[in-house]
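The block underneath contains the structure these notes are about, expressed in structure tokens.
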Amino acid sequence: MRCWWLSMVAMVWLVTGCSKPDSEAGFAGLADSRDGSLGFEQPAPGDVLVFPEDFGAHPAHRIEWWYLTANLETEAGDPLGLQWTQFRQALEPRSTDATPPEPSAWPMQAAWMAHAAVSHQGQHWFQERLARGDLGQAGAIAEPFEVWLDHWRMAAGDHPNQWQLTVSQGQPGQQGYWAFDLELSVKGLPVAHGDQGFSAKSASGEGSMYFSLVDIEVTGTVTLADKDLNVQGKAWFDREWSSQFLKAGQQGWDWFALHLDSGDKLMAFRLREEGGHFRSGTWIPRSGEPRALSSDQLQLKPTAGSGPVPTRWRLQVPGQDVDIELVAPEGNYTNDGLFPYWESPVSVSGSHSGAGYMELTGYNN
Amino acid sequence: MEDNVLKVRGLRKSFGDRDATVPVLADLSFELHSAGSLALMGRSGSGKSTLLNILCGLEQPDAGELTLFGQDHRQIDWQQLRRERIGVVFQEANLMPALSLLDNVRLRASLAGQPESRCQHWLDVLDIGALAQRFPDQVSGGQRQRAALAMVFAMSPSLILADEPTGSLDRVTADDVADSLFRLQAETGCGLILATHDPELASRCEKILDLAHQAADQNTGQSGL
Amino acid sequence: MTAFSALLSHYRRHPWQGIALALLMLMATALWTGIYHLTSQARASLSQSERVVEARYQVQRVDGAALSVEDFVTLRRQGLCLMPWLEVLPEGESRRVIGVDPLAALCFQGQADVVSFDGQPLRGDPFMDIADAAALPARQAQLFLIVDPDTGELSADYRITDFSLAPDTGQLGDSFLLNLDALSVLVLLITGLLLRSVYLLSLSQRRDSFALLHRFGVSPRRVRGHLVAELVGLAALTLMPGILLGQLLANALAGGFASVMEGLFDSRQFVTSGNSWLMPALVMVTLLLLVCAVDWLIPEKLRKAFAVANRSGGLSLLLLVAGGAGVWLAANLLFLFGSVALMLAGAGLLMPWCLSVLSSRLAQASKQPFRRWWWAEFGVLCRRLALPLVALQLSLAMVLAVQALVTTFEATFDHWLGQRLSADYYLEVPTDADGQVAVDWLEQNLPESSGAIWHRVLRGQGQLDVSGHEQSVDIFAVAPVGALVSDWRLIESAGQPWQRLAAGQGVMVNEQLAYRHELAAGDSVQLTLAGQSLRLPVLGVYPDYGRPAGEILLAADQLPDDFSVSFESFSISPGEVDIEVITEALSALWQEPALTLRDNRSIRDLANRVFEQTFMLTRAMTMLTLVLAAVALLLMGWVFLSTRLWYFRLLAVWGTARTGIFLSLLTLALTVSVSAAALALPVGIGLTWVLVQRINPLAFGWSLPLDLYPGFWLELLGLALLIGLCIGLLMRRQLGRPAVRPSVTGTITGGER
């Protein structure tokens, strides 16, 4: 479940060349762009996931992303949150087996965007990069797995189920430099959300293909303010792709991925729209099959906020005896790029304890 | 000089469009001999100003005969007639505000083709010779009307049409202005048609034509040009 | 019925007057809003343009091979901030376009926009998306890679060199902005005049009602209070539409029809423009209140004293003389602006006075009564329409000044580019290479018969002895001194300056150096080059458009052998010879595969195009002022003449033909508007002079040339005629309608003299 809205805005804005990205443009653009979705393939109930192909790009679909959040700890025991996301936004559809255009033509069939952020001790570092596709500057390959934009890169390592993620911003030794270099060990199989991977995004059936790797052990180094911090902890990886946008009238979403200390995992989101929100989620028990949660099987409500952004939430899954409070640490965790949104770690308390990540969009003015 | 300056038979004039016409002048007949004077009586809206407008060619009658200086009204060159033979005096604003009294008289005389040398004489005759270089806003209302009379007589008219010439003056001043008007009319021997609602002023004319019974209480608007 | 509603009832009876009043108010608001927007757009456009041409760095391959998309990807994946810059000369076109990738440009600091390049739209003038540029059938195409050199180490296959679209504009842009500010203040003044005339019109048309109210016991103070309330109400009604209209106008003028439609139908317009309405709204309300409050702020005695003082034109002349002296002597900008304000006030007062005196003189002199009436009437018109006439006069003067200023700036910009980019190509001599080798080759292989012109440029430092003080100056040595420099425009010069410079008989100094040390042609300077002392006459002063450093130009033969050259280059116009022949030969001689060669013609062309938008906006701004001042005069003239209609109809009663009356009216209107234009001319020229010859030297220490454009004067005269014609034609319609006799009080409505 990722930045649909962001991508939509990006799309509208790249294609129409409007002057400033803002929410007005995004939502005004929604309806227009739906008409333009002709030619793109659209996920539907009954579609299934195919591995390892689905780790690679889907040029026949309009939007997709590779997304990793990690709840880490330094050697000193301080929590450290980390996010890396790479988006692909197609401007024109291309069938999976078609020949890509020549790089020398500087094609603009797709735009790529990468985000990286680190949250530590109330501070938030964020950076974004953009590139056009098909040049080689940015891309995604399923086997051997590699996703990159410029020198930011997530790729399979020498051992099976071992990945590497490297990101750096600025010049070592210079002010403002920060970086991370992580080893990821992937445990367990991909978890398909919704109906075998088709995850509905509204009551009327719009949706996307969505799976996650929910149990990733992380070790590595994060460099902040000239200090190398050795870190270790857990990560969550999402893959999602679609072509159909949010329904007009959906203002944004609130999304959570939680590692509970019980060993269970929980993903939940709600799409905010006039007259009732659309909720969905997946309960992934420590052992046994994941269970999709429908709108009436989970409750998700903000209880307090900082400014317009709700930073305290209550999440209930009555069927699993879950009644927890999710709290973001003090600080501003806005990813202040072309399309600002909130991305912060959360701590879990109540019926269960644990940690996770929260992404909130559409609260910016 | 023709015996009859003016002869009007069965004159009709109405206003409004085809659906709703309002008769202002209905079947009007009268005559004026040279050097004669005629007062038009009647309340506001009784058609006095309309009749004066018709008599100087600014409006056309709907029907009827109008003979002026022996010419049928359809054959008259009205523009020339107004320039040279018909003098018009309104209740007020007879003078160009940016010109001195003398220059006003000169302007009127020169349009009528009369010598400018006599202009100061006319101002003297009307007792405002000393004010010749003043501008209209620098003299009193009575003096302005005298200047207007000077303008009219400077053109050596055959007929004077006066529309409430003393209407905005006080009694005493009005009498003075009227005295001058009748005196000079008698001296120059021109015809005079005077519209007024003042019975006293009307009584100084040889004849009175009361339009009151001819027109209903219709307001045809202000005395317009 | 309250006094207030009694006042308002005037407009119920004369709705057109109310509408005219509201229209004028709306236009004044629209005018200032439009100007405000255009000025800020011009400001933004200028800074964007400057950003585009500012110095950058590029990556080149050490092996001299052309760059490709693979090089771009390789370097980006090494972590360098790099963007492609594809210069394409399309087939059948003479102008180049530049393909850029806004996505790649994002990593350069200060850029957060992916639909433009440094604020320049991607419409091919000259920038476009690189994919579109690459798709054009091209006569020539070259890929450059612009790099932020602080973002990482280059591998040994690449190196970094300078890259810029044009030399740094320096203070040229600052100067332009200062002038723009001065002009928008002037526009505010014009707007104030328009509003004041609206206010006075609303007063004069209703003096009857005021008199009546007064007779009913309403105090004048209360009437005035009601009037202000009414005006504020009117402002509230017209302010927002006026501001919107101003924005639309500004957009229409700045971006053409398309952006207007976008503005109309796109709610984003209003979201993104944020509080851009706040400033104009505040300014307009303040201005309106000031304009109404003038009568109370300045005591009546003082106003009467002014009127008396100006009866013989004395006050206006005094203001003009004082302002003129101030402008001449001003030692700082504030004083100068104050003096200009005095001068404008004097000019504004003088014009109606002049016309009034002229008309009464001519009326006196006219033997013919009708002509005398015409001149008298002309005098009335000039007095009654004084405010809108002055507004028109000042607008015309401003348009004149801005036209001269902008054209001068364009020309200066062109000269300035021409001076720095005099040859078709500019070739850097690589470090460690011997320039003399190239001189020998060029002398042998580019004979004069080939039509080629070139010179070698050596730069370094020298010491200038100014009254006992040693001061460091830039040395700019050229050999041979030829056609590439001799067409420079010199500020002052001795006889045959270029021949004497070539012969080593003197030096030239730049404007800044001359200004600072009061050097003139014919003076001598004491120069020390590499320890060797020279005493040489100054042959000329060349303009340098704001370059702050002192510089001395001399023939390179005069440099001592051990002069330390910090930078060396060649400027080459190859004539019939192919530039590649030259570069290949020199590349071989210097054993340097990758030479830095810039095509100056395309740089000039591109730089001009980048700045075009700024100049266009400035012209748009002044045209807007002029059009609205013209419409204001049109409306006011029409309203005023309508009140005089009775008297024109009186002429008809007196037997004048209607065509004759119409001709009188038409000639009156034409003479009034043309007089305003004629009297605007000296003011406009004065204003131009102040802008380029006084403000600029005071602010920046260098002057712009004063160029006048008489062809444009004729155009303005034509416009003035058009305004007069429109008034005349409007009145012609009125003539055919019944006129209302002026009211009882006689002297108030239409009875003025």
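The values are calculated or read from the model by the stated rules, or taken from the named source; none is laboratory data. Only a predicted model underlies this, so the values are computations on that prediction, with no experimental measurement involved. Here Cβ is always computed from backbone atoms with ideal geometry, including for glycine, and neighbour counts include all displayed protein chains. For accessibility, only protein heavy atoms count, side chains too; no ligands or nucleic acids. Shrake-Rupley method; radii C 1.70, N 1.55, O 1.52, S 1.80 Å.
Can you pull the one-decimal nm distance between simple spin-label points at B:D137 and B:R183, each 7 Å off the Cα toward Cβ?
3.1 nm
Per-residue counts of other Cβ atoms within 10 Å, averaged by peptide: what ranking do you get for C:417-430, A:175-188, highest first?
Those peptides, ordered most packed to least, come out C:417-430, A:175-188.
Would you kindly find the accessible area of C:C107, with a 1.4 Å probe and non-protein molecules such as ligands, DNA and RNA excluded, rounding to the nearest 10 Å²?
40 Å²
What number comes out for accessible area per residue over chain B if the probe is 1.4 Å? Units Å², please. Walk me through the numbers before you get to the answer.
Details: 9410 Å² over 225 residues.
Per residue, chain B has 42 Å² of solvent-accessible surface.
Quick one: accessible surface of B:I86, probe radius 1.4 Å, all protein chains present, in square angstrom to the nearest 10.
Rounded to the nearest 10, that gives 0 Å².
Given the peptides C:315-328, A:81-94, arrange them by the average over their residues of other C-beta atoms within 10 Å, most packed first.
Order by mean packing, descending: A:81-94, C:315-328.
Roughly how many debye, to the nearest 20, is the charge dipole of chain A about its Cα centre, given +1 on each Lys and Arg Cβ, -1 on each Asp and Glu Cβ, and no other charges?
Its charge dipole is roughly 600 debye.
Tell me what chain C gives for mean residue ellipticity at 222 nm when only DSSP H runs of n ≥ 4 count, each as -39,500 (n - 2.57), the sum divided by the residue total, rounded to 500 deg cm²/dmol.
For chain C, the value works out to -20000 deg cm²/dmol.
Arrange the peptides C:470-479, C:434-443, C:381-390 so that the one whose residues have, on average, the most other Cβ atoms within 10 Å appears first.
Averaged packing, sorted descending, gives the order C:381-390, C:470-479, C:434-443.
Collect residues whose amide H, placed 1.01 Å from N in the peptide plane, falls under 5 Å from the amide H of A:L184; neighbours closer than 5 in sequence don't count.
Those lying under 5 Å, H to H, from A:L184 are A:W163, A:Q164, A:L165.
Along the Cα-to-C-beta direction of B:Q60, a point sits 7 Å from the Cα; which residues of region C:655-670 have their amide N less than 17 Å from that point?
C:658
Once you average over the residues of B:86-92, how many Cβ atoms of partner chains fall within 10 Å of each Cβ? List each step's numbers first, then the result.
Details: counts 3, 2, 4, 0, 4, 2, 6.
Taking the mean over all residues of the peptide, I get 3.
How big is the gap, in Å, between the Cα center of region C:177-193 and the Cα center of region B:74-148?
Using only Cα atoms, the two centres lie 49 Å from each other.
What total accessible surface area, summed over both chains, is buried at the interface between chains C and B, computed with a 1.4 Å probe and given in Å² to the nearest 100?
Accessible area lost upon association: around 2800 Å².
Roll a 1.4 Å probe over the protein chains and send me the accessible area per residue for region C:593-705 in Å².
Accessible area per residue, region C:593-705: 26 Å².
Note down the magnitude of the dipole of the protein assembly as shown about its Cα centre, charges +1 on Lys and Arg C-beta and -1 on Asp and Glu C-beta and zero elsewhere, to the nearest 20 debye.
Its charge dipole is roughly 9040 debye.
Out of A:G263, A:G288, A:G170, any idea which swings most in a Gaussian network model of chain A, alpha carbons joined below 10 Å?
Result: A:G288 has the largest fluctuation of those listed.
Please work out the C-alpha center-to-center distance from region A:207-273 to region A:312-365 and express it in whole Å.
11 Å
Could you tell me which residue out of B:T173, A:I324, A:G139 lies farthest along the dipole of the protein assembly as shown toward its positive end? Charges go on the beta carbon: Lys and Arg +1, Asp and Glu -1, centred on the Cα centre.
Towards the positive end, the residue furthest out is B:T173.
Under 5 Å between amide hydrogens, which residues at least 5 positions from C:G550 or on another chain qualify, with H placed 1.01 Å from N in the peptide plane?
Result for C:G550 returns C:D474.
What's the carbon and sulfur percent of region C:490-557's accessible surface, probe 1.4 angstrom, rounded to a whole number?
Working: 1240 of 2680 Å².
That fraction is 46 percent.
For a quick check of understanding: with a 1.4 angstrom probe and all protein chains in place, what accessible area in square angstrom does A:I141 have, to the nearest ten?
Result for A:I141: roughly 70 Å² accessible.
By how many degrees, between 0 and 90 and to the nearest 10, does the Cα long axis of helix C:658-689 differ from the longest principal axis of chain C?
Taking the Cα atoms of chain C, the angle to C:658-689 is about 40 degrees.
Residue-wise, which Karplus ³J(HN,Hα) couplings in Hz belong to region C:472-484, taking 6.51 cos²θ - 1.76 cosθ + 1.60, θ = phi - 60°, and x for glycine or proline?
These are the phi-based 3J(HN,Hα) values: 7, 10, 6, 10, 10, 10, 10, 8, x, 7, x, 4, 5 Hz.
In the protein assembly as shown, if the dipole is taken from +1 on Lys/Arg beta carbons and -1 on Asp/Glu beta carbons about the Cα centre, which of C:L721, A:P107, C:V73 is farthest to the positive end?
Looking along the dipole axis, the top candidate is C:L721.
Using alpha carbons only, how many angstrom separate the centre of region A:137-160 from the centre of region C:347-404?
With region A:137-160 and region C:347-404 each reduced to a Cα centre, they are spaced 81 Å.
What span do the alpha-carbon atoms of region A:4-360 cover on each of the three principal axes, reported in whole Å from largest to smallest?
Ordered largest first, region A:4-360 gives principal extents of 52, 52, 41 Å.
Kindly express, to the nearest 10 degrees and within the range 0 to 90, the angle between helix B:141-154's C-alpha long axis and the longest C-alpha principal axis of chain B.
80 degrees
Ignoring ligands, DNA and RNA and using a 1.4 Å probe, state the total buried accessible area between A and C in Å², rounded to the nearest 100.
Counting both chains, the buried surface is close to 2500 Å².
Using a 10 Å cut-off on Cβ to Cβ distances, tally the other chain neighbours for every residue of C:363-374 and report the average as a whole number.
Across the residues of C:363-374, the mean count of other-chain Cβ atoms within 10 Å is 4.
First compute the accessible area of region C:56-163 with a 1.4 Å probe, then give the percent of it belonging to carbon and sulfur atoms.
Values: 1980 of 4430 Å².
Here carbon and sulfur together make up 45 percent of the probe-accessible area.
Roughly how crowded by other chains is peptide C:73-81, in terms of the mean Cβ count from those chains within 10 Å of each of its Cβ atoms?
5
Given a 1.4 Å probe and every protein chain left where it sits, what share in percent of the accessible area of region A:4-360 is carbon and sulfur?
Carbon-and-sulfur percentage of accessible area, whole number: 48.
Nothing charged except the Cβ atoms of Lys and Arg (+1) and of Asp and Glu (-1): what's the magnitude of the dipole of region B:16-106 about its Cα centre? Round to the nearest 20 debye.
300 debye
With a 1.4 Å probe and all protein chains in place, put C:V631, C:V88 in order of accessible area, largest first. Write out the running numbers ahead of the final one.
Numbers: C:V631 45, C:V88 0 Å².
Result of the area sort, largest leading: C:V631, C:V88.
Whole number in Å², please: accessible area per residue of region C:56-163, 1.4 Å probe, ligands, DNA and RNA not counted.
Normalised by residue count, the accessible surface of region C:56-163 is 41 Å².
Output ³J(HN,Hα) for region B:165-171: one whole-Hz value per residue in order, computed from phi by the Karplus curve 6.51 cos²θ - 1.76 cosθ + 1.60 with θ = phi - 60°, and x for Gly and Pro.
Karplus-based 3J(HN,Hα) across region B:165-171 equals x, 10, x, 10, 10, 6, 3 Hz.
Using amide H atoms built in the peptide plane, which far-off residues or other-chain residues are under 5 Å from C:C81 H to H?
Residues meeting the criterion, in which the H sits 1.01 Å from N, are C:D148, C:T151.
Hey, which of these cross-link pairs are over 28 Å Cα-Cα: A:K201/A:K265; B:K13/B:K207; A:K227/A:K265; A:K227/A:K301; A:K187/A:K227; A:K201/A:K301?
Over 28 Å apart, Cα to Cα: A:K227/A:K265; A:K227/A:K301; A:K187/A:K227.
Explain nothing, just the number: relative contact order of chain A, from Cα pairs under 8 Å at least 6 residues apart, as a whole percent.
Values: 913 pairs, mean separation 55.2, N = 365.
Relative contact order of chain A: 15 percent.
Relative to the longest principal axis of the C-alpha atoms of chain C, give the angle of the C-alpha long axis of helix C:710-735, reported between 0 and 90° and rounded to the nearest 10°.
30 degrees
Please list 3J(HN,Hα) in residue order for region A:222-227, calculated via the Karplus relation 6.51 cos²θ - 1.76 cosθ + 1.60 where θ = phi - 60°; whole Hz, with x for glycine and proline.
3J(HN,Hα) across region A:222-227, in whole Hz: 10, 9, 10, 6, 6, 10.
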